[in-house]
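So the structure is just underneath, and the comments pick up after that.
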Amino acid sequence: MTGFLIVNPSSGNGGATELLAAAKDRGITTHVLRTGEDLIELARNADADAIGMAGGDGSLAPVAGVALERGLPFVCIPFGTRNHFARDLGLDRDDPISALDAFVDRAELTVDVGRANDRLFLNNVSLGLYARLVRRREHHRRRRDALARLRALAAVVREPHGIGLTVDGEPLHARVVLVANNAYELSVLSIGGRERLDAGRLHLYAPAGLLRGDWVERGFSSLTIDARGGRVPAAVDGEPDVLETPIRFRIEPRALRVLVAKASQ
């Protein structure tokens with residue numbers, strides 16, 4: 001099997017040198033992402049029969065989308081800060097090197113992917129408070145602010161108003177709206193894990209109150225979210241974005257082939 005791995009050296013706590021050496025030992029072709037390079041084009045032009053991404057959740061989906069487009073299996077190497085997709089696959093998030101074995105000692109899974117209009121997501125799309133927090137955090141991070149996360153949270157909490165949306169034409173007013181690829185375990189403004197990645201359902205979550213543990217939850221195979229103004233700030237797999245409305249969400253059941261090491265099964 002010819003494996004091609006793109007490595008985002010700025011993800012997580014770094015350590016790319018050790019990862020690259022381990023990939024070379026396994027016969028995996030690697031490419032270290034440079035500033036300004038087009039991640040999608042790199043994946044599209046890769047001469048390989050399996051494509052992997054070493055990075056955080058935000059960099060996985062574009063490469064997974066190309067793998068799906070090309071009919072190739074995808075390999076997730078947890079190399080970011082949170083690595084929610086890797087966690088829900090059952091990978092050891094603290095051991096990216098062992099995840100490389102998926103290229104050489106493979107077991108194949110098929111998992112669902114979500115779409116927000118044409119944008120593929122592996123985990124979730126959030127609108128409202130969390131999306132604004134992510135955008136502010138990234139703004140401060142670009143300014144090398146060591147207190148970026150705390151400053152972002154403080155700024156968002158000062159904004160008491162929810163967002164006015166409609167879901168399939170029905171009004172929904174909440175400070176946070178989350179559309180997830182399969183069901184999450186949720187507590188107060190905290191995202192847990194997913195028991196399954198292949199149940200074929202989108203789940204919409206909105207908290208009943210900022211400090212309450214109750215959530216409004218609905219399951220869908222597809223849904224449409226609209227908002228006045230034609231655009232809404234969002235976080236797609238944790239990455240800030242602005243989505244054009246209406247946002248048409250759908251799920252593609254078992255669309256993505258994912259390779260994991262047999263030892264992790």
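At a glance:
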quantity	calculated
Three-way shape call for region 14-55 based on the alpha-carbon gyration tensor, with the a/c threshold at 1.5	oblate
Packing-based exposure ordering (other Cβ within 10 Å, fewest first) of Val63, Val258	Val258, Val63
Distance between modelled label sites at Ala183 and Val242, nm, 7 Å Cα→Cβ extension	3.7 nm
Equivalent ellipsoid dimensions for region 3-104 as semi-axes, Å, which come from the Cα gyration tensor, largest first	18, 15, 14
Distance in nm between pseudo-label sites at Asp25 and Ser222 (7 Å out along the Cβ direction from Cα)	4.8 nm
Taking Arg93, Arg44 and counting other C-beta atoms within 10 Å, the order from fewest to most	Arg44, Arg93
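FYI, it's all coordinate maths here, none of it is from the lab. Bear in mind the structure is a predicted one, so any value in this text is a computation, not a measurement. Don't worry about glycine lacking a Cβ; one is built from the backbone with ideal geometry, like all the others, and counts go over all protein chains shown.
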